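These notes concern the structure reproduced below.
Bear in mind these aren't lab numbers, they're just calculated from the coordinates by the rules spelled out. Values in this document were obtained by computation on a predicted structure and should not be read as measured data. Note that we place each Cβ from the backbone using ideal geometry, even for glycine, and neighbour counts take in every protein chain shown.
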Amino acid sequence: PDVHLRVDDLHAPSPPVRRDAGPAANAAQPSLDAAGPSRQTGWEPEGEAGVLDRILLTNDDGIDAPGLKVLEAIAAELAREVWVVAPEHDQSGVSHAISLHHALRVSQQGERRFGISGTPGDCAVMGICHLMKDTPPQLLLSGVNRGLNLGMETVFSGTVGGAMTGMMLGVPSM
């Protein structure tokens, strides 16, 4: 199936700033705050306050990484269902690459837990567009990373790449 990543479709234009009307006129502009729905995606939590239906987890250190186990425990407090779709092996430094020249293999490793023979970007696509296509996640979390993602390293980080791919597919991600 075709997967088209269109970031432009996800972002509403910023409200205009009226330069001639002074600060009082601009104060009435809508703002994006943590208490309200995302202006960019229209997403807001359903059901109980602070409890999501589904969270998707990925990383770049692999499905058996200790940091992913920590993230699973945290996500279980935030959502009714936690799905893990992570690389079978370490994919550090692959940025948000997707696999083009080899078939992806999916291995189920538990209930709502899948290992993918590809990159964190592949995992985000496989989780959102295939494994969870009928009930998409409300949030994608990528990490917890074994190393540091600071400065220029974020450009090459598979952890950041997994979250970026989720965002490009319309799922709030971090």
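List of remarks:
- Calculated FRET efficiency for the pair residue 76/residue 133, C-beta based, R₀ 22 Å, to 0.05: 0.45
- Packing-based ranking, highest mean first, of 69-78, 138-147, 98-107 given that Cβ atoms within 10 Å are counted: 138-147, 69-78, 98-107
- Net length gained if the chain between residue 108 and residue 53 were fully extended (0.36 nm per residue, minus Cα distance): 17.7 nm
- Sorting 56-64, 88-96, 108-116 by average packing, meaning the other beta carbons within 10 Å per residue, from highest down gives 56-64, 88-96, 108-116.
- Neighbourhood charge, 10 Å Cβ-Cβ cut-off, centred on residue 118 and excluding it, Lys, Arg +1 and Asp, Glu -1: -1
- Highest to lowest packing among 124-132, 159-167, scored as the average C-beta count within 10 Å: 159-167, 124-132
- The range 70-133 and the range 136-164 have Cα centres lying 13 Å from one another.
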